[in-house]
Amino acid sequence: MTHITVTVDGARYADDVEPRMLLVHYLREVVGKTGTPIGCDTSNCGACTVLMNGESVKSCAVLAVQADGADITTIEGLANGELHPLQRAFHEMHALQCGYCTPGMIIAAADLLRDNPHPTEREVREGLEGNLCRCTGYENIVRAVQRAAEAGATS
Amino acid sequence: MIPSKFDYVRPSSLDEAVRALADAGDDAKVIAGGQSLLPLLRLRLANPELLVDVGGIDELRGVTDEGDSLLIGARTTHYQLVHDPLIAEHCGLIAETAETVADPAVRHRGTFGGSLAHGDPAGDLPAVALALDATLIARGPGGDREIPAADFFVDYLTTALEPAEVLTGIRVPKLPGWGYRYEKFHRTAQAWATVGVAALVQRSNGQVANARIGLTNMGPVPVRATAAEDAATGAQASRDSLRAAASRAGEGTEPPADLHGAPDYRRHLARVLTGRALAAAAGV
Amino acid sequence: MTAPTVAHPAELGRARLRKEDARLITGQTNWTDNIVLPGLLHMAFLRSPHAHARITSVNVSAARQLPGVIAAYSGADFADEQGSLPCAWPVTPDIVIPAHPPMAVDEVRYVGEAVAVVVARNRYEAADAIEAIEVDYEPLPPVLDIRTALDEDSPKVHEAGNKSFEWVFGNGDIDAAFSGAPVVVERTYRQQRLIPSAMEPRAVVAASTGDEVTLWSSTQIPHVLRVMLALVTGIPEQNIRVIAPDVGGGFGSKLQVTAEEVLAVLITRKLGRPVKWTESRSEGNMTTHHGRDQWQRIRIAADSDGRIRGLDVDLLADMGAYLMLVTPGIPLLGAFMFNGIYKMDALAFKCTGVFTTKMPTDAYRGAGRPEATFAIERTIDELAVELGLEPLELRARNWIAHEEFPYTTIAGLTYDSGNYEAATAKAKELFRYDELRQEQAERNARNDPVRLGIGISTFTEMCGLAPSRVLGSLSYGAGGWESASIRMLPTGKVEVVTGSSAHGQGHETAWSQIVADQLGVPFEDIRVLHGDTQVSPKGMDTYGSRSLAVGGMALVGACDKVIEKARVIAAGMIEASADDLEWTAGRFSVRGDPEKAVTIGEIALAAFAAHNLPEGVEPSLDSDHTYDPDNFSFPHGTHLCATEIDTETGMVTIRSYVAVDDVGKVVNPLIVEGQVHGGIAQGIAQALYEEGVYDDAGNLVTTTLADYLVPSAADLPSYVTSRTESPSDNRLGVKGVGEAGTIASTPAVVNAIIDALRPLGVSDVIMPCTPERVWRAIQSAQQSGATS
């Protein structure tokens, strides 16, 4: 077992974990953040995307031990008293149906807008190339990200 | 889905990392960003007994201007390769290529050194390192070693690194005035390159003075398309001449057969993409 | 007394934002894998690495010894109680339905079939433990190609042979249609095997207390599953509770009764502790049922002016190794749609269901109708070329004209309504059809290495499954009704209990809209309950684009009954005669004296208090309704796709995509448009990216999302969507939409590819139209010197 200290959505946690424990399992099962789902085993789908030290990462492709000392934000920590502009935009543009890809998609979009506050449609699509959705066909997701960008969401 | 058990150490210095690897023999693997290794662990295609995490070793980070060359720390992430001002200015081919790797989240974690040490010929950066004639620097129990890229990629997923060696940095020449292009052909945005072509061209008046071509996924290791390079050298810097030179791009390659292409199709793609990459690199 | 109508429905057609979203955008979700119960144990399955083998021994003793392992079982341990996974659709009287044990006992017949299971303290220990199980196999030859599986010398998947059934259907004189026909076109198409790939992997949790067992499952069919579990396991139905919590997509893949669900139920009862199983994506690619997989031989006969005389369809359908819940019926759902939107004198259809040593196939978005639409829309384009007719012109000469609805087709279905002319005209305009044809001609003239193609798909589909009588005539095991209950709470709020089972479709929102209109109650005051057989005891669940067309009608019927009960009580409250009362927007008032009125909320409170109800009147407004449709609904549309093809590499890019769909009246246009977008994406993916591939040894090669290419936003175009509106004849005028986009889009894309490459001599490319396949088609056409 390895001892790690991780900050998740503003709260600190100290745990002994097996080195092989995936960060996503640590978040879901040890920290209790079930808002971040798991969709695949080859880091293609992006459902598990969280922010780690401000950058998007696929939490199934990070070991919990690699997150020692890190500051993680999950979908559950994105709103700050009120909905994040991306959350609001996804709702207003009907950018989700079953919602399974949504946490990862929103986090990935947040990272995209941090890097590129006014993306073109092409840049939005490419910025979300690592997040798969089976329900929406992406049309409304792209519209939502552009809408959030217009509203001035930069992180 | 769930890796086999392994032990884990996170040394704070390079020498500590080398010692840990030396003690473990063949059963240890280095983990940097883990973007290549973790999927293998999760599918239990790799089952090391010890992971040596170089994530805490500062010596492996940073990009240094050495005058004629850049020294890029092995732990430089793909994202950093895309955004680093020195790389953008002096070695744009690396930045352009790194931006095509996987997706943004993977690029935040995956590293230059990790990609090269993993030695997957379907990865984009090995062919670039080869085309640049980069020098790979490793630290082992016996000290530092410099390995030319041409000698580094030995076989499929096998590099010249000894089990107890850690790749510390990559030296790339600046090649001022050379044009470059990475042509990546893949079925979807996230997909591996079916074939990729890294081209560097030095022009002299209306001619190609020098050409370097590295091929992705055309064999068990990245390949230099030397026949095409020779044909391009001295050729007119025009689309038609470069297309003609590119017709030799498939020579000496052993492309794999898989869902995305049989060998003959891949050789054809290599020819077409090399023509396009050379033209773009030559600015025509 | 005629049912009250809603004079000015405020909610019908309104783009209401969804009630579901609040929890989904903040991660306050309830996926099955989130569920934690005291004492929960984790199951992991050991699965066959062979496509076909006899199991000679299974030794779980080493696994049982490992730390954290509570139990380990082989198929033999469950042989007596596990029964057979059901097939609820025996399409012919002599159909071969092999026994299908949830855990294999003597023989495995596909890679991934469950052979043993461990139950451990956590998922990590379970994953380790399965590696300690020893299984001896005697490999047997795989059967991988349905085209040769019926040969004399083919190895057999089952004792009874590789043919499961042969189903024949026809109308009109097919021989007369073909004999003497000036033009006959014959084509063979491949509908490749697809892996549905919902984003949420399957998961189950089972817990038992005494006689009762509760199963949470990522399922589309909690009600059907409950009945089936009772039949398979013998556990009394009333002691089984099935809950579909939040479900992350289904697309038909979760319309199933699975080995893992049955075994979880048996194991929790055996151990007396709750158990959970969650599939990994690679496990799921192997063991969640697959879609499509047909070889289609199509012949069409026409007059020289293009009028279609007859259509002859001969299908080989890959069942996989076993028949699962509705496996054999899927190709038959398309049987009545091969004629599409066209009139003709005769139709002949034959389907042979064939076993292979692969994962069984079953429902996947469209379920039989995409296969049919692909065949007819591709063939129409081929026929147009043969005749030298413009492809839209050929369609117009054969389609059912707007004035002819309702129209009974050669397949015997009566299409309720439609306007193919209007949808097509609108699509052409949005697509800039004439401009693109012009550009195409110019590119062809200068031999541009990047060619432009225009693909057309004019489709209809039969959905809103289904009139129960029709299902009975097809030997389907269940009915097609849907159920709803309305509960009027004393504080004036409303609880709606629906038998539909949403997994992304927005029923909580749309059903609130319907009830808000019908009862005149605010949208916000309505709560929709679903998915738990203890909360929603009656239903036929969600698939086949049925929930609005059938479930929505059940709601309307229940609302009618509430209003009628309310009328009687209102009459007492206002002291007027029930016949003198008028109902509008949530209140009853006296005809001619609108001030004398009472709201539905006041009536509900009065019913609750029951102080002063008329003699013999029940103190309740609550009402149920079960609705059985008398017909399918027939949405239709015209989709146009422009593809650019880099002939040097074979890469296909969609330049523009226009969809004009007619789904009748629309409750929520956001939801409808979203369904169209998502449907189109999956259809494009079939055309260009996806295929479930087995190698020569019967191993699934495309086990991960790295190999099975579900496209991202970067790989798909933007869609231009629009609608026409031809109401259906149900009370809301609505049709289904869930599958329409997928049904339409695949042939639109492939027709566009062929249209681009015809000048180079190409007349077909097998799906998925990968760059390599496109390139080879061009090479092969050029080598054989074929140009046109």
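The values are calculated or read from the model by the stated rules, or taken from the named source; none is laboratory data. Model, not experiment: these values are computed from the prediction. Cβ coordinates were reconstructed from backbone atoms using ideal geometry, including for glycine residues, and neighbour counts include every protein chain displayed. Surface areas here come from the heavy atoms of the whole protein model, side chains and all, with no ligands, DNA or RNA. Shrake-Rupley method; radii C 1.70, N 1.55, O 1.52, S 1.80 Å.
Buried accessible surface for the B/A chain pair comes to about 2600 Å², total over both chains, computed with a 1.4 Å probe. About its Cα centre, the dipole of region C:307-445 is roughly 300 debye, where the only charges are +1 on Lys and Arg Cβ and -1 on Asp and Glu Cβ. Each Lys or Arg adds one and each Asp or Glu subtracts one; over the other residues with Cβ under 10 Å from the Cβ of A:Ser56, this totals 0. Chain C against chain A buries an accessible area of about 4200 Å², both chains summed, 1.4 Å probe radius.
Positive end of the dipole of region A:2-76 (Cβ unit charges, origin at the Cα centre): among A:Cys45, A:Cys60, A:Pro19, the Cα lying farthest that way belongs to A:Cys45.
Applying 0.36 nm per residue to the separation of C:Asp448 and C:Leu605 and subtracting their alpha-carbon distance, the gain on full extension is 49.0 nm. For region A:60-87, accessible area lost to neighbouring protein chains reaches 50 Å² or more, against the chain alone with a 1.4 Å probe, at A:Ala61, A:Leu63, A:Gln66. Binning all Cα-Cα separations of the protein assembly as shown at 10 Å, short to long from zero, yields these whole-percent fractions: 2, 9, 17, 22, 21, 16, 9, 3, 1, 0, 0.
In Å², and per residue, what accessible area does chain B have when probed at 1.4 Å with the other protein chains present? Mind dumping the intermediate values first?
On the way: 10520 Å² over 284 residues.
Dividing the accessible area of chain B by its residue count gives 37 Å².
Here, P(r) means the percent of Cα pairs in each 5 Å bin from 0 to the largest distance; for region A:2-76 it is 3, 19, 32, 29, 13, 3.
Highest mean first, how do A:105-113, B:156-164, B:199-207 rank when packing is the count of other Cβ atoms within 10 Å averaged over residues? Show your work: numbers first, answer last.
Working: A:105-113: 26.3, B:156-164: 16.3, B:199-207: 18.4.
By packing density, highest mean first, the sequence is A:105-113, B:199-207, B:156-164.
Within region C:13-86, the proportion of Cα pairs with more than 20 Å between them is 62 percent.
Chain B contacts chain C over a buried accessible area of about 2200 Å², both sides summed; the probe is 1.4 Å and only protein chains count.
An ellipsoid equivalent to region B:81-174, defined through the eigenvalues of its Cα gyration tensor, has semi-axes of 22, 15, 12 Å when rounded to whole angstrom and sorted largest first.
Across q = 0.24, 0.26, 0.29 Å⁻¹, region B:165-209 modelled as identical point scatterers on its alpha-carbon atoms has Debye log10 I(q)/I(0) values of -0.87, -0.90, -0.98, in the order of the q list. The charge dipole of region C:415-566, taken about the Cα centre with unit charges on the Cβ atoms of Lys, Arg (+1) and Asp, Glu (-1), comes to about 240 debye, rounded to the nearest 20.
In whole percent, how big is the carbon plus sulfur part of the accessible area of region A:2-76, probe 1.4 Å, protein atoms only? If you can, show how the numbers build up before the last one.
Working: 760 of 1900 Å².
About 40 percent, which is the carbon plus sulfur part of the accessible surface.
As a length-normalised measure over Cα pairs under 8 Å and 6 or more apart, the relative contact order of region B:179-282 settles at 31 percent. Alpha-carbon geometry of region B:1-67: the Rg and the Dmax are 13.5, 46 Å, given in that order.
Can you tell me the alpha carbon radius of gyration of region A:85-150 divided by the globular rule-of-thumb value 2.2 N^0.38 Å?
Values: Rg = 10.2 Å, N = 66, 2.2 N^0.38 = 10.8 Å.
Rg over 2.2 N^0.38 Å, computed on Cα atoms: 0.94.
As a length-normalised measure over Cα pairs under 8 Å and 6 or more apart, the relative contact order of region B:63-173 settles at 30 percent. Within a straight-line Cα-Cα reach of under 17 Å, C:Lys735 can be paired with the following lysines, leaving aside sequence neighbours fewer than 8 residues apart in one chain: C:Lys665. Share of carbon and sulfur in the accessible area of region B:179-282 stands at 43%, probe radius 1.4 Å.
Can you list, largest first and rounded to whole Å, the semi-axes you get for chain B by taking the square root of 5 times each eigenvalue of its Cα gyration tensor? Walk me through the numbers before you get to the answer.
Working: eigenvalues 215, 88, 48 Å².
Taking √(5λ) for each Cα gyration eigenvalue gives 33, 21, 15 Å.
For every helix of n ≥ 4 consecutive DSSP H residues, a contribution of -39,500 (n - 2.57) applies; sum these over chain B, divide by its total residues, and give [θ] at 222 nm rounded to the nearest 500 deg cm²/dmol.
Calculated mean residue ellipticity at 222 nm is -9000 deg cm²/dmol.
Once the 1.4 Å probe is applied to the protein heavy atoms, chain C comes out at 33 Å² accessible per residue. Do any trypsin sites (Lys or Arg not before Pro) in region C:420-504 lie in a loop, going by DSSP, with at most 14 other beta-carbon atoms within 10 Å of their beta carbon, and if so which? In loop regions of region C:420-504 (DSSP not H, G, I, E or B), the sparsely surrounded trypsin sites (Lys or Arg not before Pro) are C:Arg446. Annotation: lysines with alpha-carbon distance below 18 angstrom to C:Lys163 (same-chain offsets under eight excluded): C:Lys350, C:Lys358.
Would you mind giving the average projected area, over all directions, of the Cα convex hull of region C:291-338 in nm² with one decimal?
Values: hull surface 15.3 nm².
Mean orientational projected area (region C:291-338, Cα hull): 3.8 nm².
The mean sequence separation of alpha-carbon pairs under 8 Å and at least six residues apart, normalised by the residue count of chain B, gives a relative contact order of 15 percent. The alpha-carbon atoms of region B:179-282, seen along their principal axes, cover 43, 27, 21 angstrom, with the largest extent given first.
What stretch of chain B, leaving out the sites themselves, is the longest with no GluC sites (Glu not before Pro) in a DSSP loop having at most 16 other Cβ atoms within 10 Å?
Working: sites that count: B:Glu49, B:Glu66, B:Glu251.
Answer from the scan: B:67-250.
For region C:34-181, the convex hull spanned by the alpha carbon atoms encloses 196 Å³ per residue.
The residues packed around B:Gly283, meaning those with a beta-carbon under 12 Å from its beta-carbon, carry a net charge of +3 if Lys and Arg are +1 and Asp and Glu are -1.
Here the spin labels are modelled as points 7 Å beyond Cα on the Cα-Cβ line, and at C:Arg147 and C:Ala425 they lie 4.5 nm apart.
About the Cα centre of the protein assembly as shown, what is the dipole size in debye to 20, counting +1 per Lys and Arg Cβ and -1 per Asp and Glu Cβ, all else neutral?
Values: 105 positive and 157 negative charges, 174 e Å.
I would put it at about 840 debye.
Once backbone amide H atoms are built at 1.01 Å from N, C:Ser164 has C:Gly353, C:Val354, C:Phe355 as its partners under 5 Å, excluding neighbours fewer than 5 places away on the same chain.
Considering only the Cα atoms of chain A, their convex hull presents on average a projected area of 8.3 nm². Per-residue 3J(HN,Hα) values for region C:608-625, derived from phi via the Karplus relation 6.51 cos²θ - 1.76 cosθ + 1.60 with θ = phi - 60°, read 5, 6, 6, 6, 9, 7, x, 3, x, 8, 5, x, 6, 9, 4, 9, 10, 8 Hz in sequence order (x marks Gly and Pro).
The aspartates and glutamates within cross-link reach of C:Lys538, meaning a Cα-to-Cα straight distance under 16 Å and a gap of 8 or more places when in the same chain, are C:Glu237, C:Glu482, C:Glu495, C:Asp622, C:Asp624, C:Asp628. log₁₀ I(q)/I(0) of chain C at q = 0.08, 0.09 Å⁻¹, via Debye over equal Cα point scatterers, no solvent, to two decimals? For chain C, the Cα-only Debye profile gives -0.71, -0.88.
In Å², and per residue, what accessible area does region A:85-150 have when probed at 1.4 Å with the other protein chains present?
Working: 1740 Å² over 66 residues.
With the other protein chains kept in place, region A:85-150 gives 26 Å² per residue.
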